[in-house]
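The values are calculated or read from the model by the stated rules, or taken from the named source; none is laboratory data. These figures come from a predicted structure and were not determined experimentally. With ideal geometry, Cβ positions are generated from the backbone for all residues, glycine too; neighbour counts draw on all protein chains shown.
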Amino acid sequence: MPHIAYDMTLPEVRSTSVVFASPHSGRDYPWSFLKSSVLDQHAIRSSEDAFVDELFGAASFHGAPLLAARAPRAYLDLNRSTDELDPALIEGVRSAAHNPRVSSGLGVIPRVVANGRTIYRGKIGIDEARARIRDHWVPYHERLSSLMEESRGLFGEAILIDCHSMPHEAIENISHPKGFRPDVVLGDRFGASARGDVMDRVEAAFAAAGLRVIRNAPFAGAYTAQHYGRPSRRQHVVQVEIDRALYMNERTIRPNANFGVFKRLLDGIIAEIAAIGRAAEMPLAAE
C-alpha cells in the first residue's frame, strides 16, 4: 500500500491566491517508530501542533486549499530541509557546517521532542531516514509547490499561511514594548518571505478579532518561509504561531472548554485572510 503523506482539502471553487498548510499537526505514529522510542505515546506528542489542522478547517469554505501533513513532527519535520540531517542520530551522516537546529536535535529527523527529551534509544540508519523523506517529505512539498504554482497561475500571486502552534511557556517570559504577552506570533523572516502589505493585512485580521500579535520573536519562520517566500516573484509566506493555551490543555493534549469558541473566532480570521488573495484586491508589485 502506498504511504498517505497528507490530507488535502480543496474548495469547490478556488477563489483566492491564499494557501493554508499545517506541517506539524500530523498524528499518524507508526507502531515501529513508537516501539523504537524511549518516550511513551503521550510524551512523544509534545512536539505536535495538535488540532491545528482542525482549527484551520474552514479554509476550503473561503475558497482556499488546506494541506495537512499526516506524519508527526517527532517522526519527520516538514519545516526543515532534507539536508538538515543529524550526525548524532543518523548512522553514516558526516558532521557538516554548524546548524543550530540540527545541533539542538531538531533536524529533519528530530532527535528530541519538546524540552529536549530524547526520542530514541540509539541511532537510526541512513536508509530509514531517507525512506521517511521519500515517503512523506517529498510528496508533501511536491503538493505544496504545486498549490503555490497554481495560485500564481490563477491569480498572479501566491500567499502561503504556514499554520503552527506554540507552547504557552514559549511566550510566558517574552518582554514586549507594548507590555503584553502575545496570543499570536507572525513570522516573515523580518520581511524576507512576504511583502509588507501582505504581512500587515494578516496581522490586522488577527488583531481585529481581539488577539494580541507580535512579529518574528521568538519565531520568524524556518525552512518553509525561507524556501517558498519570494516576494519579488509575488510568492509570500507568513508563518502563524498560536498559543496552545487558547484552545487546548497542553498537559492532556485535549481540546479545552474554549476550543469551539476559538475555532469560530479563527473561522472569521480565515475569511479575512482569504480575502487578501482575491484577484481584485491584490496590489500588483512593480515589475
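General observations
- Count - residues of region 18-39 that are touching a residue at least 12 places away in the same chain (Cβ under 8 Å) and surrounded by fewer than 23 Cβ atoms within 10 Å (Cβ to Cβ): 9
- Where helices (runs of 4 or more DSSP H) fall wholly inside region 179-287, the ranges with 2 or more residues that are exposed (fewer than 14 other Cβ atoms within 10 Å of the Cβ), out of contact with any Gly (no Cβ under 8 Å at 6 or more places or on another chain) and not charged (D, E, K, R) are 196-208, 259-276.
- Whether a residue is within 21 Å of the chain's Cα centre (by Cα), farther than 30 Å from residue 197 by Cβ and either at pLDDT below 95 or assigned to a helix (DSSP H, G or I) (or both) was assessed, and residue 136 passes this test.
- Candidates 15, 95, filtered to the one that is surrounded by fewer than 22 Cβ atoms within 10 Å (Cβ to Cβ), among the polar types (S, T, N, Q) and in contact (Cβ under 8 Å) with a residue 12 or more places away in the chain: 15
- Residue list for region 118-133, filter: surrounded by fewer than 16 Cβ atoms within 10 Å (Cβ to Cβ) and assigned to a loop (DSSP other than H, G, I, E, B): 121, 122, 125
- Set side by side, the residues 114, 192, 131 differ, and just one is at pLDDT 95 or above, farther than 22 Å from residue 266 by Cα and within 18 Å of the chain's Cα centre (by Cα), which is 192.
- Pairs with Cβ under 6 Å, 6+ apart, first in region 40-62 and touching a residue at least 24 places away in the same chain (Cβ under 8 Å) and assigned to a helix (DSSP H, G or I), second buried (at least 19 other Cβ atoms within 10 Å of the Cβ) and charged (D, E, K, R): 47/73
- Taken over region 147-178, residues that are surrounded by 12 or more Cβ atoms within 10 Å (Cβ to Cβ) and either modelled with pLDDT of 95 or more or closer than 26 Å to residue 235 by Cβ (or both) amount to 19.
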